1. With a/c under 1.5 counting as rounded, go ahead and sort the range 10-158 into rounded, prolate or oblate using the C-alpha gyration tensor (a ≥ b ≥ c being the square roots of the eigenvalues; past the cut-off, prolate if a/b is larger than b/c, else oblate).
2. What order, most packed first, do the peptides 145-154, 180-189 have when packing is the mean number of other Cβ atoms within 10 Å of each residue?
Amino acid sequence: MYSGQKFNDLVTFSNGNKAYHLGEDRNAEGRDDLGDPVYAASNGEVVAVVSNQGSSTTGFGNCVVIRHDLPHAELINGKMVGSVYSLYAHLATVGVSEGEIVSIGYQVGTIGDSGYSEGPHLHFEIALAPTLPTSDDGYNPLGAPDKWVDPSDFINQHRTLGSTHSVLISDAQISEGNSGTQTMTFTVTRVGGTEAFDVSYATADGTASVTDGDYLATSGTLHFDTNVNTQTISVTINGDTTNSVYPPTRTRLKAILVTQHIYIFCGWGDR
Ligand SMILES: [Zn+2]
């Protein structure tokens, strides 16, 4: 049975070397968790997908890194921090690609034993941007640098940012057309709870922009009444043939929820 390591645990390797653990290991004690789903810790953008890195490099195997923008910059380890990275290593399979916007709870892959690993488990790190945690090997002989934080502590401290009234928002896709306008409709679904709450939303430029006339900026507040589980957001899309970046046949908007605020990134994308 694999014995998991906590953040900053001092570890002795089989060759006698010692180093401190930069993440925390999660595995289902008492049973084999190979293939269990791994979910995004929060809303964010996938910024790195690494395939099968062996122990000669980082040893992370198949690994995913997601950037999470904080709702406001905050002081962490003596620095003002606007975003953090979460890293998921030793995955058996990866279900996301770079540039993809994911919501909290989206499945990024499955628990595995890839790379330098002594059994199926998830190696999970939280690193403060801009340090992308893909060049470290999960350990540091001098102790965890101040760009790494205790993942459980960090998540517990930020859990209130949207766990009370969490929602998921669908991606949407339409055929843009060469002229005229169309409406894209996003479905916003309550996650847990039955009480009434409000959530604000706004569009934001992705590869499409308001100034280029690709879509109309939209913002507002959705009210979820007691026991109401879904609401919708509509965005007006302008058809055109002038911008070759956006094939006339399809336009797709990706959506992301950040705490109590929904941002809809407007742009062309494939999954
Ligand atoms: Zn680990």
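1. Here the range 10-158 falls in the oblate category.
2. 145-154, 180-189
No lab work stands behind these numbers, since they all come straight from the coordinates. Remember, it's a predicted structure, so these values are computed and weren't measured experimentally. Cβ coordinates were reconstructed from backbone atoms using ideal geometry, including for glycine residues, and neighbour counts include every protein chain displayed.
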